[in-house]
Amino acid sequence: MKVLILSINYWPEVTGIGAFSTYRAEYLSALGHEVEVCTTFPYYPEWKVPPAYSGRVAAEEERNGVRIIRSYAYIPNPPSSLKRVLHEASFIASSMIRAVELKQPDLVLVVSPPLGLAISGILLSRLWGVPYIFDVEDLQPDSASELGMLPNWALRLLYKVETAAYNHAILITTLTKGMRRRIVNKGIPDEKVELLEPRVDESLFDIESREGSAFRQRYGIGDKFVVTHSGNMGVKQGLDVIVDAALYNGQDKSIQFLLVGDGAVRCRLQRRVAELGLENVRLLPLLDPVDYRGLLAASDLCLVTQRKSVSEIAFPSKVVTYLAAGCPVIASVNADSEIAEIIRESRAGSVVGPEDGAELLAGIREFRNSDRREYSRNAREYARRRWSAKRVLGNLERILVLAAGRSTSAMVQEGTAQ
């Protein structure tokens, strides 16, 4: 089977959608399928193209059997609502130009966001007479509405594009049960929406304490109680709650808060930490794989935070990473969210209210006096059971082969009827 994947994020990005698209494409290639990916140059979450790729408008490369076709996208830094629209539109246009030059695949897999990439999927599907699958990693119109990021006219347009994206897809896949429920509730037939959960990085099961000791020594942390948030630093994450908790913690220097990663609000957070004179908060950049493993091993507690207005179905990939690494978690999120449900179900930590620094700090202090080992065991067992590569990626191939087969059968039946 020949598969064309349209995804704005791909390797060498290591967080979020880029990681998902990469391991899915490489898994399919390892099984013998021919896989091509139309993407742009790496930029996320720093919103900056690295020197190795800067100044280029197009490129091709191959990695682990996957042909990677890169095209230009405008990368705003810092991003804003309007600039994000231009960013996505530029990629949709440039990738479409690149895609039409390719040989016909058996299937087009469109990864959203950006939602508008579905337009390319629909057009290519009609051009080649092949099915397209719409993979929903984020319900972009719902998120934009909840965060107040766009005017009403723009939201109405987004919802119209979303409806077209769903209606023209032969199949819709999504990350979580909550997201699947939300899509079905928009009027999409239940049988048309498949669950395609994230895959755990199984190498995280083997993280050792010595890696954490080395990390603590390298960064001068000593024996402090380490509370970590890693990944994208964006508006959705509501990271001010961590700074608030650190502020409420006062002069207690035995707790070290680490904010690790990059994103749209990093500079503002850094300024706030400096203005408040918070010595118990450190901001670190994105880490290489060795240091990142060390970070997870060194962390006594990891945090997942979101603003109150963020949808209950949002699901950051860091949840899977933390649990696989055996990191206990405090989630500062809405109590009815997908994240909260998983933390309670896994018994890997606790849930506190969003945007409440005092409550978050109380949760941290309470956890500090509990048995970390039990939470750690629960986390790993849950991750191993729910997100194993064998289960998740086996389901991916099944879904794609089934969709291609269904489409072929449908076209044969139409031809017979004529």
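Observations on the model:
- Treating each Cα of segment 201-249 as an identical point scatterer and summing with the Debye formula, the log10 of I(q)/I(0) at q = 0.19, 0.21 Å⁻¹ comes to -0.89, -0.97.
- Remark: relative contact order (segment 186-317) = 36 percent; criterion is Cα-Cα distance under 8 angstrom and separation of 6 or more residues.
- Comparing MET96, MET233, MET149 in a Gaussian network model of the chain, where Cα atoms under 10 Å apart are tied by springs, the biggest mean-square fluctuation is seen for MET149.
- Spin-label pair LEU127/VAL57, simplified geometry with 7 Å Cα→Cβ offset, distance in nm: 1.8
- Other-chain or far-sequence residues with amide H under 5 Å of VAL329's (modelled H): CYS302, GLY349, SER350
- Residue by residue, segment 226-234 carries 3J(HN,Hα) couplings of 9, 10, 10, 10, 10, x, 5, 10, x Hz when phi is fed to the Karplus relation 6.51 cos²θ - 1.76 cosθ + 1.60 (θ = phi - 60°); x denotes Gly or Pro.
- Neighbourhood net charge (11 Å Cβ-Cβ; Lys/Arg +1, Asp/Glu -1) for VAL241: -3
- The mean of 1/r over all distinct Cα pairs in segment 1-96, once inverted, gives the Kirkwood hydrodynamic radius of 13.6 Å.
- Three-way shape label, segment 241-315, alpha-carbon gyration tensor, a/c 1.5: rounded
- Converting phi to 3J(HN,Hα) with the Karplus coefficients 6.51, -1.76 and 1.60 and the offset θ = phi - 60°, segment 302-307 yields 10, 10, 10, 10, 8, 5 Hz in sequence order, with x at every glycine or proline.
- Entry note, the chain: the mean residue ellipticity at 222 nm calculated from DSSP H runs of n ≥ 4, each adding -39500 (n - 2.57), is -14500 deg cm²/dmol after division by the residues and rounding to the nearest 500.
- Residue with peak Gaussian network fluctuation, the chain [Cα springs, cutoff 10 Å], from TYR248, TYR166, TYR219: TYR219
- Each Cα pair under 8 Å and six or more residues apart adds its sequence gap; the mean of these over the residue count of segment 99-198 is a relative contact order of 25 percent.
- Based on Cα atoms of segment 283-347, Rg over Rh with Rh as the Kirkwood radius reads 0.99.
- Ellipsoid equivalent to segment 168-246 - semi-axes via the Cα gyration tensor, in Å: 39, 19, 9
- Using C-alpha pairs under 8 Å with a sequence gap of at least 6, the mean separation divided by the residue count of segment 8-128 gives a relative contact order of 20 percent.
- Across all directions, the average projected area of the convex hull around the alpha carbons of the chain is 20.4 nm².
- A full extension of the chain between THR163 and LEU276 corresponds to an added length of 36.0 nm, given 0.36 nm per residue minus the alpha carbon distance.
- Largest GNM mean-square fluctuation among GLU202, GLU34, GLU61, using the chain with Cα springs under 10 Å: GLU61.
- When the trypsin sites (Lys or Arg not before Pro) in segment 16-125 are filtered for DSSP coil states and for at most 14 other beta-carbon atoms within 10 Å of their beta-carbon, the remaining sites are LYS48, ARG56, LYS103.
- Working note: Cα atoms of segment 118-262, range along each principal axis, descending, whole Å: 60, 39, 26.
- Packing, taken as the mean count of other beta carbons within 10 Å per residue, orders the peptides 72-81, 86-95, 364-373 from highest to lowest as 86-95, 72-81, 364-373.
- Cα gyration tensor category, rounded, prolate or oblate, for segment 202-386 with a/c compared to 1.5: rounded
- In terms of packing, defined here as the mean over residues of other Cβ atoms within 10 angstrom, the peptides 204-217, 111-124 line up highest first as 111-124, 204-217.
Read the figures in this text as sums done on the coordinates, not as results from a lab. Quick caveat: nothing in here was measured; it's all calculated off a predicted structure. Here the Cβ is made from the backbone with ideal geometry for all residues, glycine too, and neighbour counts use every protein chain on show.
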